[in-house]
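The next block holds one structure in the form of structure tokens; read it before the comments.
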Amino acid sequence: MQGNPIVVQSGGSTKYIVYGILILAAGVLGYFFLYKPWRQQQEAVANNNIDPNTKSGKAKVIATKLRVAMAGWGTNEKLMYELADQIRTEKIPWNDVAKEYYALYKRDLVKDVQSELDSKEIVEFWRRVNPATLTPQQQNQYAQAQAKKATASVVAAATMNPLFYFI
């Protein structure tokens, strides 16, 4: 039998997998080597156009410093408290700081502050920004409510853990 040889084709879908991986790698590399540096350069240009003698300029400076305090691993609470004091003492409207923060970073400042600080730190931060925001009684009520939530979650976790009964 000298007929036609049998041809086995392999790798039909393999090339699509390789193409997909290459496209994904190109996208990741494009983000890190093109988009991210471009965005950082745009932020640097925006930050260089700051006039610190105007309220808008002061708001932009504070927005930039708040971003620095919240960036990376951990939060610099001390810097955030100092900036909150500066907002109060220089009478810079919080809305101006939030607008400048959004213009620079396309993020909501209030949400970022809430995600970076725990409940007691949030109360302290807002008390420093605007002391009339929370009365001492409201602060105590808020702290007690947070403590009850924490206690309830610990009790719930302990009673749900079967190893708890063997300890």
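General remarks:
- Taking the criterion of being surrounded by 14 or more Cβ atoms within 10 Å (Cβ to Cβ) and basic (Lys, Arg), the residues of region 62-87 that qualify are LYS65, ARG67.
- Test: residue in region 15-34 that is loosely packed, with under 10 Cβ neighbours inside 10 Å, at pLDDT below 65 and farther than 19 Å from LYS65 by Cβ: no
- Restricting attention to region 115-147, the residues that are surrounded by 16 or more Cβ atoms within 10 Å (Cβ to Cβ), modelled with pLDDT of 80 or more and not in a helix (DSSP H, G or I) add up to 1.
The values are calculated or read from the model by the stated rules, or taken from the named source; none is laboratory data. Not measured: the values here are computed from a predicted model. Positions of Cβ are generated from backbone atoms using ideal geometry, with glycine treated the same way; all protein chains shown enter the neighbour counts.
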